[in-house]
Amino acid sequence: MNAAAEAAGLATGDLLADARAKAEFLQVRDADPTADDAALRRLALWATRYTPTASPWDEDNGADGFFLDITGSAHLFGGEEKLLADLAARLRKNFGLPAQLAVADTPGAAWALSRFHKTPLFVLPCGQEAAALAPLPIAALRLAPDTRATLRRLGFKTVGSLLDKPRAPFAARFPTELLRRVDQALGRIDEPLVPVVAPPVYHALRYLIEPIFTHDAIIAHANRLMATLVHVLTRDDVGARGLRLCLYNVDGAVETIDIGLTLPTRNVSHVARLIELKLEALAATCDAGFGFEAIGLAVICAEPMPARQTELTSVTDDGDRTERCASLIDALRQRLGPASVRRFEPVTSHLPERAEVLPPFDGEVPAWPEPEQKPRPLLLLPHAEPAEDVTALVPDGPPRRFSWRGVTYDVTGAQGPERIGAEWWRYREPKPTRDYYLVEDSTGHRFWLFREGLYGRETAAARWFVHGLFA
Amino acid sequence: MAENGLCATTGPTPHIAAQNRAAVIAELRRLMPRMGEQRKPLPFGLAVIDSHLPDGGLACGALHEIVPAAEGCIAAAFGFIAAILGRLAYPLLFVMPAYGLRPYRPHGRLHGHGLNALGLDPGRLILVETAHRKETLWAMEEAVRSAAPAAVVGVIDTLDLKLSQRLHLAATEAGLPVFLLRPAPPSPPSPASGGGWGGGSAAATRWRIGTATARRDRFGLVTQPRWHLQLERCRNGRPGEWVVEYDHVAHRFSLAAALADFSRPRGAGETSIRQAS
């Protein structure tokens, strides 16, 4: 909820129709909780600059903030108030985030105060949880919505009205959650925090006594760096999907070489070969200058890669072929560019030019449907080319003769029409329908022709196009 | 413990025995793929054609040249390659210049549904797009040497003896069939010049593919494509010329039987247009 939304009177939990009525300029996107969670984790990781224990809030806590356990670290920043001020300033400056912060003895109380206390930066003195929480609404206790609704119906508006009641009736009538949350807020029971763990960094760096110039030397050092990384990667059961080789020039410039892999790998020689290919491709632009004095190799993308038995398996089995295929594709991509290796993927569309895409190869095998009885050309012209001088016996019949690219073809057999309508939901203007014919000329050339527009209904003079060639 | 004792008494020493065994296994492993790679040639299933080829089929570890008879026959040439590949294992690698670059330009790009209709699963094809001829050759050689795909197909404009020897050698070592599609020659070659265009070639076979009127059922529907095959040169074989038709369901070639064409009236060359309902 940003300032503009607040100014328009929007609130979390509004129905979309209500929100649109309040603010017609609203742009709507689907919520992406996974990405939100990842962003919160990154923010919590950043916050480990204040304390090693940073714990992003989970779903029960609203998933929109994090706890910091600043026990023993507040004095490093000049006390709790100064720490809060510093944190708020940095959040605003670095991320543009306004923040509501509170310090208390228990996570529960800190959560409640950060949400519901008037001042954005609030430090609660020791042992005053009960007094501080008493005026806050029931929602400050992190309860499930139905528990909250029941309490509201029974007339409990504030935390204070609950605190001085006997416990036994509540324990009998409500889920254990209620008393647990109260106890957690007041510090009667423990609330363990789950600290966010930084993802492991796989990085190896080597300073060289003498600067190096040649490809061979770079590859030899990269080899050694990879060999050191392999130990760590093996320990964590991960393989590298992306690597970055940094070459630090003596004069301060840094050359980086990115390597992407189809399958996670821990294979030193494979990585060395990919680096070699890239260096060959870069030979013109990559200037060693006075030489490279340091060389670093980092895994920028690691993926799980379970250990596999390599002995005693047949050399020709499928897994091995997949692996060889992956390393071939890595090599091709490294040299020819990432988009040069493609695969065919079907798209559910009747329009031939939209019926398939050629995405970059990613190791997946798309499932193609069984071929249909309808004729489809082996070679398709991406843009249908007009056929001239088309003669047909009747305006909506198959062609008898046509010329294409300056050659006239006498049609000896035509098969069709196969009528393919335009996708009306894609265009504002209605597009003409196409009637496709497989035509064969006297020498056996087979073409895929279509007539654009239904004669008499959509157009008076239909135009003909060549769209493909059959084998 | 008993086993150890046995080893110690019968073998030279356990250590050397283990070393020997490792060496033998390594040697076996080195030999095994070669046995697998020395695959049987790919027969056409047609005695007439297979008898012209050495060992009764297209050699697996060899380079094969496919040349369309004329510029308009390029689809037929692609179809012939697809028909041969249809019976091979996957994955298959196509290396060709990116669309819009010569020599592939004027005739559209490979259409997945069209390949599917010829019985070749497009999901298993890997398409490598290159910027120029040098890259095409490099990618082909890289692919052949890796022995990862089941076959490699390349589209190229010209080829000289040296390059073809290089590719052929790589194909022989890896035991992979390699197909090279070259554009149609500007003029038919003269037999005097060795039957080649612009230098010789080390390819095991050279096929010239022309079009032929398709097989139709009695309703006039195209059921099977037909191609005019010309085996122009064949190492350890004989050249020949056939008109074949291809059944994409059974992956089967058969000789075109002109008389079995129901849809054509056997009149004075008159043709008819039939339209499927």
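The values are calculated or read from the model by the stated rules, or taken from the named source; none is laboratory data. Everything quoted here is computed from the prediction, not taken from an experiment. Cβ placement follows ideal geometry from the backbone for every residue including glycine, while neighbour counts extend to all protein chains displayed.
Miscellaneous remarks
- Residue in segment B:158-166 that is crowded, with 21+ Cβ neighbours inside 10 Å, of a type outside the set (S, T, N, Q), in the same structural domain as B:SER201 (by TED's automatic domain parsing) and in a loop (DSSP other than H, G, I, E, B) present: yes
- Considering residues of segment A:317-346 that are of a type in the set (Val, Ile, Thr) and part of a helix (DSSP H, G or I) only, the residue nearest to the other protein chains (Cβ to nearest Cβ): A:ILE329
- Among the residues of segment A:410-449, those that are within 13 Å of chain B (Cβ to nearest Cβ) and more than 26 Å from A:GLU372 (Cβ to Cβ) comprise A:ASP410, A:SER442, A:THR443.
- Qualifying residue in segment A:362-375 (condition: exposed (fewer than 14 other Cβ atoms within 10 Å of the Cβ), over 46 Å from the mean Cα position of the chain (by Cα), facing chain B (nearest Cβ under 10 Å) and hydrophobic (A, V, I, L, M, F, W, C)): no
Condition check ((1) within 26 Å of A:LEU84 (Cα to Cα); (2) surrounded by 10 or more Cβ atoms within 10 Å (Cβ to Cβ); (3) not acidic (Asp, Glu)) across all residues:
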{"site": "A:LEU15", "(1), (2), (3)": "no, no, yes"}
{"site": "A:ARG20", "(1), (2), (3)": "no, yes, yes"}
{"site": "A:LEU43", "(1), (2), (3)": "yes, yes, yes"}
{"site": "A:TYR50", "(1), (2), (3)": "yes, yes, yes"}
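- Looking only at segment A:302-333, and only at residues there that are modelled with pLDDT of 65 or more and among the acidic types (Asp, Glu), the one that is nearest to the chain's Cα centre (by Cα): A:GLU303
- If you filter segment A:423-459 down to residues that are charged (D, E, K, R) and in a strand (DSSP E or B), you find that the one that is surrounded by the most Cβ atoms within 10 Å (Cβ to Cβ) is A:ARG451.
- Of everything in segment B:121-136 that is in a helix (DSSP H, G or I) and facing another protein chain (nearest Cβ under 7 Å), the residue that is modelled with the lowest pLDDT is B:ARG124.
- Among the residues of segment B:106-120, not a single one is surrounded by fewer than 20 Cβ atoms within 10 Å (Cβ to Cβ) and more than 9 Å from chain A (Cβ to nearest Cβ).
- Within segment A:106-117, not a single residue is surrounded by fewer than 17 Cβ atoms within 10 Å (Cβ to Cβ), part of a loop (DSSP other than H, G, I, E, B) and either modelled with pLDDT of 85 or more or not aromatic (Phe, Trp, Tyr) (or both).
- Selected residue [buried (at least 16 other Cβ atoms within 10 Å of the Cβ), within 8 Å of chain B (Cβ to nearest Cβ) and touching a residue at least 40 places away in the same chain (Cβ under 8 Å)] from A:PHE470, A:PHE402: A:PHE470
- Test: residue in segment A:96-108 that is over 29 Å from A:THR158 (Cβ atoms) and either of a type outside the set (Phe, Trp, Tyr) or in the same structural domain as A:ARG180 (by TED's automatic domain parsing) (or both): yes
- Considering residues of segment B:167-204 that are aliphatic (A, V, I, L, M) and surrounded by fewer than 17 Cβ atoms within 10 Å (Cβ to Cβ) only, the residue modelled with the lowest pLDDT: B:ALA192
- Those helices (runs of 4 or more DSSP H) of segment A:157-267 in which 1 or more residues are under 20 Å from A:SER327 (Cβ atoms) occupy A:215-235.
- Conditions (1) part of a helix (DSSP H, G or I); (2) touching a Gly at 6+ places or on another chain (Cβ under 7 Å); number of the one not met by A:LEU91: (2)
- Of A:ALA462, A:ALA387, A:ALA392, all but one fail to be surrounded by 15 or more Cβ atoms within 10 Å (Cβ to Cβ) and either modelled with pLDDT of 90 or more or within 18 Å of B:CYS73 (Cα to Cα) (or both); the exception is A:ALA387.
- Residue, surrounded by the fewest Cβ atoms within 10 Å (Cβ to Cβ), within segment B:137-146, restricted to residues that are closer than 10 Å to B:ALA174 by Cβ and at the interface with chain A (Cβ under 7 Å from one of its Cβ atoms): B:SER146
- Look at segment A:22-51: where a residue is farther than 17 Å from A:VAL197 by Cα and a partner is not in a loop (DSSP other than H, G, I, E, B), sitting 6+ places away or on another chain with Cβ atoms under 7 Å, you get A:LEU26/A:ALA19; A:LEU26/A:ARG20; A:VAL28/A:LEU16.
- When residues in segment A:118-149 are screened for being under 25 Å from A:ARG173 (Cα atoms) and either of a type in the set (Ser, Thr, Tyr) or surrounded by fewer than 18 Cβ atoms within 10 Å (Cβ to Cβ) (or both), 11 of them pass.
- When the residues of segment B:89-105 are filtered to those that are modelled with pLDDT under 85 and under 15 Å from the mean Cα position of the chain (by Cα), the one that is surrounded by the fewest Cβ atoms within 10 Å (Cβ to Cβ) is B:ALA89.
- Candidate set: segment B:206-253, residues that are β-branched (Val, Ile, Thr) and facing chain A (nearest Cβ under 8 Å); chosen: the one nearest to B:ALA184 (Cα to Cα): B:THR211
- All positions within segment A:391-408 that are in contact with a Lys or Arg (Cβ under 7 Å, 6 or more places away or on another chain) and part of a strand (DSSP E or B): A:THR391, A:ALA392, A:THR408
- Some residue of segment A:209-224 being within 30 Å of A:LEU40 (Cα to Cα) and at pLDDT 85 or above: no
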